[in-house]
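The next block holds one structure in the form of structure tokens; read it before the comments.
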């Protein structure tokens with residue numbers, strides 16, 4: 001009898017986990033919306049493609065006082081919206097005396113640059129034609145191309161983005177915004193370079209003297225990295241695709257990109273820190289998981305160092321910077337890709353704020369009102 005009871009309890013537990021994964025916490029968005037630091041609300045959550053469009057509009061707009069434009073687009077892969085409470089709900093964060101906030105990139109951008117902080121969402125409209133997986137490739141592709149996957153071709157991991165819908169990094173490098181910018185895309189996930197953005201890698205290669213080489217998921221880090229470096233160095237299109245081993249290497253590369261007068265200085269950069277996503281997959285997404293929060297704080301601390309490097313540029317006051325920190329998706333238990341609120345709900349911090357024209361209307365957590 002005891003064994004049967006134990007088996008029954010195990011079955012109930014497994015079913016409960018399955019239900020949580022399918023449906024999540026129905027109050028998640030409501031609870032996150034109640035945090036006191038947002039500059040919008042759940043109903044006006046910003047769709048990921050709108051953020052990409054905002055970057056394009058910034059680069060296309062007239063320069064203020066002839067200041068050169070710069071973009072730093074910083075990704076926290078898999079960082080749920082509720083993680084932000086760990087630095088922004090701590091008493092004293094505005095003055096820099098709260099727990100960890102003196103070394104928080106998010107808090108730093110808010111308190112020194114007058115940035116805005118907003119709820120956003122991934123996954124398209126649940127049940128609609130533009131629904132897509134809340135996974136890494138479709139999230140970042142929507143953010144960088146300004147289109148959902150139904151248009152850009154990336155609705156899940158393992159898919160190739162169409163070259164017809166270029167990232168703002170490549171568009172900046174080829175002069176789509178009125179002048180040519182030096183740009184860079186850096187990450188430690190191989191699929192970005194051998195799948196999602198391979199068409200853009202090949203665009204650069206076709207404008208270089210490098211012979212085409214087949215790179216795929218089975219290629220070694222050394223093979224992919226060397227090929228990308230060769231293509232980036234030889235191409236007449238001034239864009240770097242940089243494949244790094246981990247967040248530490250990514251951080252060092254991004255610091256080199258913002259070093260004024262340095263050999264690798266860039267005007268438009270996009271880099272993705274992976275600590276939250278890795279921790280979430282290992283031990284679980286959410287504030288009840290110490291390793292997840294540590295991953296968030298580790299990458300947020302690195303972002304703080306990157307921001308301070310940008311501020312310390314001799315020409316910073318005479319430059320027009322757009323600085324964005326955001327996430328590609330959330331997560332639930334140890335995975336993501338579905339349509340729960342925990343997976344769909346994201347966020348954006350922007351030094352210039354996000355104008356209301358980029359807001360959604362009547363968003364209910366899954367879709368916007370018609």
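What the table shows:
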quantity: Residue among 201, 231, 224 that alone is part of a helix (DSSP H, G or I), over 18 Å from residue 172 (Cβ atoms) and in contact with a helix residue (DSSP H, G or I) (Cβ under 8 Å, 6 or more places away or on another chain); calculated: 224
quantity: Counted residues, the stretch 195-214 - those being under 22 Å from the mean Cα position of the chain (by Cα), crowded, with 22+ Cβ neighbours inside 10 Å and farther than 13 Å from residue 144 by Cβ; calculated: 1
quantity: Lone unmet requirement of (1) under 26 Å from residue 340 (Cα atoms); (2) in a strand (DSSP E or B) for residue 185; calculated: (1)
quantity: From 218, 238, residue being farther than 21 Å from residue 76 by Cα, surrounded by fewer than 17 Cβ atoms within 10 Å (Cβ to Cβ) and either touching a helix residue (DSSP H, G or I) at 6+ places or on another chain (Cβ under 6 Å) or without any contact (Cβ under 8 Å) to a residue 24 or more places away in the chain (or both); calculated: 218
quantity: Selection count where residues are in contact with a strand residue (DSSP E or B) (Cβ under 9 Å, 6 or more places away or on another chain), within 18 Å of residue 257 (Cβ to Cβ) and surrounded by fewer than 22 Cβ atoms within 10 Å (Cβ to Cβ), scope the stretch 172-185; calculated: 1
quantity: Number of positions in the stretch 135-161 that are within 21 Å of residue 54 (Cβ to Cβ) and either in contact with a strand residue (DSSP E or B) (Cβ under 6 Å, 6 or more places away or on another chain) or part of a loop (DSSP other than H, G, I, E, B) (or both); calculated: 5
quantity: Tally, over the stretch 265-314, of residues that are within 17 Å of residue 71 (Cβ to Cβ) and without any contact (Cβ under 8 Å) to a residue 60 or more places away in the chain; calculated: 2
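Each row is one residue, and each column tells you yes or no for (1) assigned to a helix (DSSP H, G or I); (2) surrounded by fewer than 24 Cβ atoms within 10 Å (Cβ to Cβ); (3) modelled with pLDDT of 95 or more.
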site	(1), (2), (3)
36	no, yes, no
40	no, yes, yes
50	yes, yes, yes
59	yes, yes, yes
79	no, no, yes
86	yes, yes, no
99	no, yes, no
112	yes, yes, no
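The values are calculated or read from the model by the stated rules, or taken from the named source; none is laboratory data. Just so it is clear, the model here is predicted, and its values are computed rather than measured. Don't worry about glycine lacking a Cβ; one is built from the backbone with ideal geometry, like all the others, and counts go over all protein chains shown.
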